[in-house]
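S.K.: Once you've had a glance at the structure underneath, I'll fire off some questions.
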Amino acid sequence: MTEPGNALLVEPDAAALRTAMGRFPTGVTLLTQGCGHAALALTVNSLVSVSLDPLLILVSVKRSGRMRPGVVRAGSFAVNILTQAHRDLCAEFARPDRPEGMRVMRRIGAVEGFTGNSVMPSAAAALECVLHAEVPAGDHVLLVGRVTVIHPGAPDTRPLVFHQGSFSSLSPIEEDS
């Protein structure tokens, strides 16, 4: 189907949306809930800063997934912003057979955060949140968290970026002379 200017329009469906959204580069995070034997972790690239007053962020998780019930039950979660050094963790925790419990703790080098959720000291930054709202959104649920603790991480880390189905890098920032 064509429109004025010879623009090609694609009939909206899941594959077309996935392709279009793949053109939007995103950071990659590891969403964690619980700690120790109860630890869960999930790769998420749907992190959004929502509000500065109060401090709110949003992540999107599958409605039918394992993560949502744990977050709702505990009323809290943590978001660990991954670095380029964490590529293997990104792939591992995106799989349905991803580790749980103590295997999560060992694999990501986690420590228990103030909210009782796993935090990665090696992350570019980590945000500990209490659940502020849960909003149904199609086959996903938007989890809005009120940020209660910020772990700033090392300032010189390079974020893990996902773009068009693969990892990408940001160019180093050039300083003005």
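The values are calculated or read from the model by the stated rules, or taken from the named source; none is laboratory data. Quick caveat, the model's predicted, so the values are computed rather than measured. For neighbour counting, all protein chains shown are included, and Cβ atoms are generated from backbone atoms with ideal geometry for every residue, glycine included. Only protein heavy atoms, including side chains, enter the accessible area calculation; ligands, DNA and RNA are left aside. Shrake-Rupley method; radii C 1.70, N 1.55, O 1.52, S 1.80 Å.
S.K.: Test of the criteria: in segment 57-153, which trypsin sites (Lys or Arg not before Pro) are in a DSSP loop and have at most 13 other Cβ atoms within 10 angstrom of their Cβ? The partial results should precede the final answer.
M.R.: Details: sites: 62, 63, 66, 73, 87, 103, 106, 107, 146; in loops: 63, 66.
Answer by residue number: 63.
S.K.: Please report how far the C-alpha centroid of segment 77-102 lies from that of segment 38-67, rounded to the nearest whole angstrom.
M.R.: Using only Cα atoms to place each centre, the spacing works out to 14 Å.
S.K.: Give me a comma-separated list of calculated 3J(HN,Hα) values for segment 86-100, in order, Karplus coefficients 6.51, -1.76, 1.60 applied at θ = phi - 60°, integers in Hz, x for any Gly or Pro.
M.R.: Once rounded to whole Hz, the list reads 9, 3, 5, 5, 4, 5, 4, 8, 8, 7, x, 9, 5, x, 9.
S.K.: For segment 66-155, what % of the accessible area comes from carbon and sulfur atoms, probe 1.4 Å?
M.R.: Taking all protein chains in place, segment 66-155 shows 57 percent carbon and sulfur surface.
S.K.: With every protein chain in place, what's the accessible area of residue 105 (1.4 Å probe, Å², nearest 10)?
M.R.: Counting only protein heavy atoms, the figure is 20 Å².
S.K.: With each pseudo-label sitting 7 Å past Cα toward Cβ, what's the residue 154-residue 18 distance in nm, one decimal?
M.R.: About 3.5 nm, to one decimal.
S.K.: Once Cα extents along the principal axes in Å is worked out from the coordinates, which option in (1) 57, 49, 37; (2) 96, 30, 25; (3) 48, 37, 31 does it equal?
M.R.: (1)
S.K.: Once you have the Cα-Cα distance between residue 95 and residue 64, take 0.36 nm times their residue separation minus that, and quote the gain in nm to one decimal. Let's see the in-between values first.
M.R.: On the way: separation 31, 0.36 × 31 = 11.16 nm, distance 1.47 nm.
Extending this stretch completely gives an extra 9.7 nm.
S.K.: Here's a follow-up. May I ask you to compute the full-extension gain from residue 52 to residue 38, defined as 0.36 nm times their residue separation minus their alpha-carbon distance, rounded to one decimal in nm? The partial results should precede the final answer.
M.R.: Working: separation 14, 0.36 × 14 = 5.04 nm, distance 3.08 nm.
Extending this stretch completely gives an extra 2.0 nm.
S.K.: When ligands, DNA and RNA are left out and all protein chains stay put, how many square angstrom of accessible area per residue does the chain have with a 1.4 Å probe?
M.R.: 59 Å²
S.K.: Just the accessible area for residue 156, please: 1.4 Å probe, Å², rounded to the nearest 10?
M.R.: It works out to around 120 Å².
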